[in-house]
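Let me begin by presenting the structure, written as structure tokens, before commenting on it.
Where a number appears in this text, it was derived from the coordinates with a stated rule and is not lab data. Treat the numbers as computed from the prediction; the structure is a model and nothing was measured. Virtual Cβ from ideal backbone geometry, glycine too; neighbours counted across all protein chains shown.
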Amino acid sequence: MSDKQNTPSPQAKPPYFERHIFFCLNERKNQEACCAQSGAQAAFDHCKGRVKALGLAGPGQVRVNKAGCLDRCAGGPVAVVYPEGAWYSFVDLSDIDEIVDSHLKEGRVVTRLLLPADVGH
């Protein structure tokens with residue numbers, strides 16, 4: 001029997017992170033609207049701190065990442081959670097708390113904060 005037959009397929013392996021949230025922190029130099037002008041850095045910092053404080057950070061759990069332009073500027077500031085592919089727009093840090101508590105911790109998408117599918121650049 002070859003080793004290849006005994007090796008689990010990539011699909012059988014659990015993901016390195018259960019959930020991954022990316023915050024657009026893009027800053028446009030030409031004064032066009034961008035997430036950086038809408039408090040995205042503070043939201044990222046708050047989310048990262050909250051995830052760590054709740055013991056949700058690390059392999060097999062949650063990763064909070066910075067991202068460049070996610071090309072959904074019209075809905076900014078934006079963040080996206082994978083593997084669900086849930087795109088969020090948020091107003092303040094209480095919205096971030098709700099995303100952490102409901103989606104990142106409990107696995108429940110926060111429908112009221114979802115970015116409409118037709119909102120793009």
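The table for this structure:
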{"quantity": "Region 48-115, relative contact order in percent, only Cα pairs under 8 angstrom and at least six apart counted", "calculated": "25 percent"}
{"quantity": "Summed side-chain charge close to GLN61 - residues other than GLN61 whose Cβ falls under 14 Å, Lys, Arg +1, Asp, Glu -1", "calculated": "+4"}
{"quantity": "Long-range amide H partners of VAL78 with built H, under 5 Å", "calculated": "CYS24"}
{"quantity": "Karplus (6.51, -1.76, 1.60) ³J(HN,Hα), θ = phi - 60°, over region 46-56, in Hz, Gly and Pro reported as x", "calculated": "5, 4, 4, x, 5, 4, 5, 4, 7, x, 9"}
{"quantity": "For the chain, calculated [θ]222 nm from helices alone, where every DSSP H run of n ≥ 4 adds -39500 (n - 2.57)", "calculated": "-5500 deg cm²/dmol"}
{"quantity": "Per-residue HN-Hα couplings for region 76-86 [Karplus 6.51, -1.76, 1.60; θ = phi - 60°; Hz; x = Gly/Pro]", "calculated": "x, x, 10, 9, 10, 10, 10, x, 5, x, 8"}
{"quantity": "Positive minus negative residues near LEU93 (Lys, Arg vs Asp, Glu; Cβ under 15 Å)", "calculated": "-4"}
